[in-house]
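Everything on this sheet refers to the single structure shown next.
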Amino acid sequence: MNVVVAKTETGRALSDAFAVARERLPGKGAIAEQRRQAFEAYERAGLPHRRIEDWKYTDLRALMREVLPLAPAPDAAALTRAATAAKSVAIAGARRVVLVDGVFAPSLSDLAGLDKGLNIRSLREVLEGADTALAAEALTSDAANPMIALNGAMATDGVVVDIVEGTVLSQPIQIVHIASAQAPAAMFTRSLVRLGRDTVATLVESYAAADGAKAYQAHDGLVVSIGDNARLDHVRVVEDALDAFNISSANVSLGAHAHFNTFGLTSGASVSRYQLTIAFAGQGSKVETNGVNLLNGKQHADTTLFMDHAVPHCDSREIFRAVVDDRAHSVFQGRIIVRPDAQKTDAKMMTRALLLSDEAEADNKPELEIFADDVTCGHGATTGALDESLLFYLRARGLPEKDAQALLIQAFVGEAIEQIASDELREFAILTAQRWLEARA
């Protein structure tokens with residue numbers, strides 16, 4: 001029996017948008033075919049909904065409803081607005097690479113005098129080049145995850161970073177995503193970062209909106225490969241416009257004795273979803289994942305982490321904090337799987353949520369799947385309000401209520417922020433949290 005799946009008006013609109021956008025999308029031949037297959041994988045599933053376990057708390061069919069058409073390529077006025085926004089999130093001493101409305105902006109980027117052993121290119125350059133294997137790796141898709149498949153089909157540009165064996169970078173690389181479109185639109189970016197063995201690097205991802213940008217959708221993907229004995233420190237800060245959507249994913253693979261330290265902070269976007277998958281491919285590796293959600297109004301932020309321990313003698317730690325005010329909704333899903341060969345695994349996860357109003361909501365879902373018998377694993381989750389006795393203590397010493405709350409909130413999220421290795425990046429995260437606290441007051 002032949003089954004025909006009827007398309008909704010939204011589905012037809014996106015199919016038409018993809019057909020139109022194909023002329024703008026870099027890559028021909030095998031790459032174009034890879035895109036087509038990825039889009040078909042998305043079409044078969046459509047927007048994720050609550051009947052899918054991993055999307056139980058973030059029903060995009062209800063929250064987002066449709067995927068907007070591609071944002072136009074930025075013009076001179078858009079680049080001017082983006083330059084101002086990029087300066088507001090710039091990190092002193094970092095090498096900045098700017099993407100505006102899903103397009104690499106060389107005039108706003110700092111690519112002069114690259115360290116020996118460091119190569120930075122735009123994704124478009126790679127997709128239009130002769131290295132089809134690298135291009136295919138950059139657009140790696142996942143048929144089981146419709147949003148990753150859609151990102152692989154529609155990515156207009158991004159950044160490809162190669163770090164040669166033995167290189168120790170002298171400054172962080174900051175990828176800055178700026179939305180400048182004055183009308184609702186979608187931007188799709190995909191970046192690839194490859195660290196050779198014995199390398200050390202720091203990567204920062206920043207998301208922000210230029211003046212006038214509104215109701216946009218940011219769809220981003222990051223693929224990271226960390227070689228043997230290499231270390232990557234990663235910081236991700238989402239400060240999108242409060243009517244925007246940010247749907248992002250990252251796939252990280254570690255070689256033997258590698259070290260990955262990552263921190264994420266979300267204080268912007270109306271709806272955000274960040275899915276991080278980490279695969280241990282070599283023995284003796286270590287991962288530290290830390291995150292903070294700072295939410296108010298009607299914001300919805302979902303952080304979903306999947307830690308795949310497939311080999312022995314690896315360690316992982318997860319610390320997540322959420323501060324939720326008004327009618328906002330924070331979601332944390334952390335799943336650790338320990339496969340049969342992954343003996344001597346040491347994996348721990350702790351998530352805590354702080355609710356500042358009666359209507360705030362936090363859903364924490366830590367999971368362990370253990371198929372090995374010689375492991376040390378544990379997880380925990382708590383949800384509560386500010387300690388009234390501590391508030392009274394601070395107010396009795398003359399602090400206004402908002403200031404007293406701010407001190408306690410800073411202490412609450414501090415455990416996650418303190419895990420950032422770099423003093424400068426730690427200070428950057430603290431200042432971002434302080435901006436949220438000041439705006440709340």
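If you check every pair at least six apart or on different chains, which have Cβ atoms under 9 Å apart with a residue in the range 43-70 that is of a type in the set (D, E) first and a residue that is part of a loop (DSSP other than H, G, I, E, B) and buried (at least 18 other Cβ atoms within 10 Å of the Cβ) second?
Matching pairs, first to second residue: D54/P48; D54/N145; D59/L47; D59/P48; E66/L47.
Can you tell me which condition D220 does not meet? The list is (1) farther than 30 Å from E66 by Cα; (2) in contact with a His (Cβ under 9 Å, 6 or more places away or on another chain); (3) crowded, with 23+ Cβ neighbours inside 10 Å, and all the others hold.
Of (1) farther than 30 Å from E66 by Cα; (2) in contact with a His (Cβ under 9 Å, 6 or more places away or on another chain); (3) crowded, with 23+ Cβ neighbours inside 10 Å, only one is false for D220: (1).
Every residue in the range 166-187 that is over 22 Å from K87 (Cα atoms) and either of a type in the set (D, E, K, R) or within 21 Å of the chain's Cα centre (by Cα) (or both), please. Can you show your working first?
Going residue by residue through the range 166-187, those that are over 22 Å from K87 (Cα atoms) are 166-169, 183-186.
The answer is A185, A186.
Mind checking which pairs have a first residue in the range 158-178 that is under 18 Å from R190 (Cβ atoms) and a second that is aromatic (F, W, Y), Cβ under 8 Å, 6 or more apart or different chains?
Correct list of pairs: G158/F104; V159/F104; H177/Y207.
Looking only at the range 28-47, decide whether some residue is closer than 27 Å to Q333 by Cβ, part of a loop (DSSP other than H, G, I, E, B) and modelled with pLDDT under 95.
yes
Pairs needed: first member in the range 381-399, of a type in the set (K, R); second member anywhere, surrounded by 12 or more Cβ atoms within 10 Å (Cβ to Cβ); C-beta distance under 8 Å; at least 6 residues apart or different chains.
Close Cβ pairs satisfying both conditions: R395/A404.
One line per residue, one yes/no per condition, for (1) surrounded by 12 or more Cβ atoms within 10 Å (Cβ to Cβ); (2) assigned to a helix (DSSP H, G or I):
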position: Q343; (1), (2): yes, no
position: T382; (1), (2): no, no
position: Y393; (1), (2): yes, yes
position: Q405; (1), (2): yes, yes
position: V413; (1), (2): yes, yes
position: A416; (1), (2): yes, yes
position: A433; (1), (2): yes, yes
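Within the range 81-100, does at least one residue satisfy the condition of being within 30 Å of A201 (Cα to Cα) and free of Cβ contacts under 8 Å to residues at least 60 places away in the same chain?
Yes; the residues of the range 81-100 include at least one that is within 30 Å of A201 (Cα to Cα) and free of Cβ contacts under 8 Å to residues at least 60 places away in the same chain.
Quick check on the range 276-310: of everything there that is hydroxyl-bearing (S, T, Y) and crowded, with 23+ Cβ neighbours inside 10 Å, which residue is farthest from A62 (Cα to Cα)?
Applying the filter and picking the extreme gives S285.
Quick check on T202: is it in contact with a Pro (Cβ under 8 Å, 6 or more places away or on another chain), β-branched (V, I, T) and modelled with pLDDT of 95 or more?
In short, yes.
Kindly check whether there is at least one residue in the range 233-241 that is crowded, with 20+ Cβ neighbours inside 10 Å, among the β-branched types (V, I, T), touching a helix residue (DSSP H, G or I) at 6+ places or on another chain (Cβ under 6 Å) and farther than 15 Å from L203 by Cβ.
No, every residue in the range 233-241 fails to be crowded, with 20+ Cβ neighbours inside 10 Å, among the β-branched types (V, I, T), touching a helix residue (DSSP H, G or I) at 6+ places or on another chain (Cβ under 6 Å) and farther than 15 Å from L203 by Cβ.
Going by the structure shown, is F260 surrounded by 23 or more Cβ atoms within 10 Å (Cβ to Cβ) and either touching an Asp or Glu at 6+ places or on another chain (Cβ under 9 Å) or assigned to a loop (DSSP other than H, G, I, E, B) (or both)?
For F260, the condition - surrounded by 23 or more Cβ atoms within 10 Å (Cβ to Cβ) and either touching an Asp or Glu at 6+ places or on another chain (Cβ under 9 Å) or assigned to a loop (DSSP other than H, G, I, E, B) (or both) - is met.
With the structure loaded, tell me whether F320 is within 17 Å of the chain's Cα centre (by Cα) and surrounded by fewer than 19 Cβ atoms within 10 Å (Cβ to Cβ) or whether it fails that test.
no
I'd like to verify a number: residues in the range 168-189 that are crowded, with 20+ Cβ neighbours inside 10 Å and of a type in the set (S, T, Y), how many?
Result for the range 168-189: 2.
Restricting to the range 218-250, give me the number of residues that are assigned to a loop (DSSP other than H, G, I, E, B) and polar (S, T, N, Q).
First, pick out the residues of the range 218-250 that are assigned to a loop (DSSP other than H, G, I, E, B): 227-230, 239-244.
Then keep just the ones that are polar (S, T, N, Q); that gives 229.
So the answer is 1.
Can you tell me which residues in the range 263-278 are touching an Asp or Glu at 6+ places or on another chain (Cβ under 9 Å) and in a strand (DSSP E or B)?
Within the range 263-278, the first condition is being touching an Asp or Glu at 6+ places or on another chain (Cβ under 9 Å), and the residues that meet it are 263-275, 277-278.
Selection gives F263, G264, L265, T266, V271, S272, R273, Y274, Q275, T277, I278.
For the range 11-59, give me each residue that is touching a Lys or Arg at 6+ places or on another chain (Cβ under 6 Å) and not polar (S, T, N, Q).
P26, L47, H49, R50, K56, D59
Is it the case, given these coordinates, that D162 is among the charged types (D, E, K, R) and either touching a helix residue (DSSP H, G or I) at 6+ places or on another chain (Cβ under 7 Å) or within 20 Å of D243 (Cα to Cα) (or both)?
Values: among the charged types (D, E, K, R): yes; either touching a helix residue (DSSP H, G or I) at 6+ places or on another chain (Cβ under 7 Å) or within 20 Å of D243 (Cα to Cα) (or both): no.
It is false that D162 is among the charged types (D, E, K, R) and either touching a helix residue (DSSP H, G or I) at 6+ places or on another chain (Cβ under 7 Å) or within 20 Å of D243 (Cα to Cα) (or both).
The values are calculated or read from the model by the stated rules, or taken from the named source; none is laboratory data. None of the values given here were measured: they were computed from a predicted structure. Note: ideal-geometry Cβ built from the backbone for every residue, glycine included; neighbour counts use all protein chains shown.
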